[in-house]
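Below you'll find the structure, written out as structure tokens, and then a few comments.
The values are calculated or read from the model by the stated rules, or taken from the named source; none is laboratory data. All figures in this text were calculated on a predicted structure; none of them were measured in a lab. FYI the Cβ positions are ideal-geometry reconstructions off the backbone, even for glycines, and counts take in every protein chain you see.
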């Protein structure tokens, strides 16, 4: 039984796939930073950033809609920014009375919300592109070489490795519950909501305990192989002229984007 | 010295046996056994006593099966052999006592392969997992790569370096788990349930692999046919104590002994 739901990597041999993972990580982070720095309502710059994304998407050999369809997953989180609509002073558009409170939507607030939404949407697409064109171990190497704190990188790396094991474990638990969840043919049964919640709580506890015990076994396995508290790895990547060139082009485009937004 | 054949069982009765003692394998040049355990006792923090007065001598090149019912203390004993658990008593790996200061050296000599390869393979790729041991031994990069290649070669998994561990089958994982330890070039290979969960072909392949490895091997197992085919010496544990220790053939023909400790002749 295997769960490969989380593997976001799509194999390919495109120029983007071949790019050094460090360059990809740096460019992706800079792209997100650039989105954050774009002023509210800089629609031309947002559009250019989107076109840039579409260009990279095509370069990576994915369908036109690949990024867009996957990016919808993350959009609900951007709704957290909805409070911006009511938080900024400006020309009032609508007003609602909720008990003693009055909510006033302003034009400036709406503009900020729309910009926030666009920024996060663009940024999510870049992150999707990064994980779709880079093997996860390469990403971890890139983070390591970019001097991200070792402990963080180790946590990410273990998380990735054991996400699959844990999901398999959870699926086995669910399956075992399913297999014993018979119901009378006449309907009914199934227990009260409280009882079912209690069962689910026990399962979550089981999962936690099993993971905890597994972590001790994994640590023992690490110790058995000379681990003394510092993770070491080899460096399998080297930056070539091609990587520098593409990286520089990407950074240049981002600077240009910032200038255009402020013209 | 030769292993002792009769021991006190965990319920206190004395089990007497007149079996032949195992012929010890030729001692090494320095005359020391590869591994010596002397009067080892261990209790888990919850008070459960897992090992009682365990003594064991392993000569270089011996292949020994450690058998006994679940909860007999086999895994606990194995975790002591490279100092992951520390009980009361003495353990020597070659001339090295297993004490805090020697742990790095001891762990380079005693390679422990855990029962569940998902616990053993914790890196994203196979290469990184096999390289983990040699890297942490502080070897230079060239040598690490060489050792990874050799270890993968030894388990016939040459082409698997860049594979992701979680995409492998159980049989492949077990082989890689052995490679992660072989890359440290240990003198003693200690395996916990190496054949459990494998399909017949993978199991057969694993037995051949273990047979060919020119190492001292100590394996805890319930796989009695494998014990018969692969191991010349057998140690029976029950209730945290060693009950019997002798040539496999002799112990396997003692039906009463096997039955008393939840075992069956193959």
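Could you tell me which of the residues A:124, A:199, A:165 is more than 14 Å from chain B (Cβ to nearest Cβ), closer than 30 Å to residue A:29 by Cα and either loosely packed, with under 11 Cβ neighbours inside 10 Å or without any contact (Cβ under 8 Å) to a residue 60 or more places away in the chain (or both)?
Only one candidate qualifies: A:124.
For region B:184-200, indicate whether the set of residues that are more than 9 Å from chain A (Cβ to nearest Cβ) and assigned to a helix (DSSP H, G or I) is non-empty.
yes
Taking region B:130-181 on its own, how many of its residues are farther than 30 Å from residue A:169 by Cβ, over 22 Å from the mean Cα position of the chain (by Cα) and assigned to a helix (DSSP H, G or I)?
8
When region B:93-107 is examined, which residues are found to be within 8 Å of chain A (Cβ to nearest Cβ) and surrounded by 24 or more Cβ atoms within 10 Å (Cβ to Cβ)?
B:107
For residues that are farther than 26 Å from residue B:101 by Cβ and in contact with a strand residue (DSSP E or B) (Cβ under 8 Å, 6 or more places away or on another chain), scanning just region B:39-52, find the one that is farthest from the other protein chains (Cβ to nearest Cβ).
B:52
Any residue that is farther than 30 Å from residue A:126 by Cα, assigned to a loop (DSSP other than H, G, I, E, B) and out of contact with any strand residue (DSSP E or B) (no Cβ under 8 Å at 6 or more places or on another chain) - is there at least one of those in region A:191-210?
Looking through region A:191-210, at least one residue is farther than 30 Å from residue A:126 by Cα, assigned to a loop (DSSP other than H, G, I, E, B) and out of contact with any strand residue (DSSP E or B) (no Cβ under 8 Å at 6 or more places or on another chain).
List the number of the failed condition for residue A:143; all other conditions in (1) within 14 Å of another protein chain (Cβ to nearest Cβ); (2) over 16 Å from the mean Cα position of the chain (by Cα) hold.
For residue A:143, the failing item is (2).
Within the group A:110, A:174, A:130, which residue is more than 14 Å from every other protein chain (Cβ to nearest Cβ) and under 30 Å from residue B:119 (Cβ atoms)?
From the options A:110, A:174, A:130, the qualifying one is A:174.
For region B:108-122, how many residues meet the condition of being under 17 Å from residue B:182 (Cβ atoms) and more than 7 Å from chain A (Cβ to nearest Cβ)?
Qualifying residue count for the region: 6.
Among the listed residues A:254, A:232, A:245, which satisfies the condition of being surrounded by 13 or more Cβ atoms within 10 Å (Cβ to Cβ), at pLDDT 85 or above and either at the interface with chain B (Cβ under 8 Å from one of its Cβ atoms) or part of a helix (DSSP H, G or I) (or both)?
Only one candidate qualifies: A:254.
Is it true that some residue in region B:71-88 is more than 10 Å from chain A (Cβ to nearest Cβ), in a helix (DSSP H, G or I), touching a strand residue (DSSP E or B) at 6+ places or on another chain (Cβ under 7 Å) and without any contact (Cβ under 8 Å) to a residue 60 or more places away in the chain?
Yes, the conditions are met somewhere in region B:71-88.
Filter region B:124-144 down to residues that are more than 7 Å from chain A (Cβ to nearest Cβ) and in contact (Cβ under 8 Å) with a residue 12 or more places away in the chain and give me whichever is surrounded by the most Cβ atoms within 10 Å (Cβ to Cβ).
The residue in question is B:130.
Can you tell me which of A:254, A:207 is under 30 Å from residue B:113 (Cβ atoms) and in contact (Cβ under 8 Å) with a residue 40 or more places away in the chain?
When all the criteria are applied, what remains is A:207.
Looking at (1) under 18 Å from residue B:61 (Cα atoms); (2) touching a strand residue (DSSP E or B) at 6+ places or on another chain (Cβ under 7 Å), find the lone condition where residue B:164 falls short.
With (1) under 18 Å from residue B:61 (Cα atoms); (2) touching a strand residue (DSSP E or B) at 6+ places or on another chain (Cβ under 7 Å) applied to residue B:164, the lone miss is (1).
Identify the residue in region B:213-230 that is within 21 Å of residue B:259 (Cβ to Cβ) and within 12 Å of the chain's Cα centre (by Cα) and, among all such residues, is surrounded by the fewest Cβ atoms within 10 Å (Cβ to Cβ).
B:221
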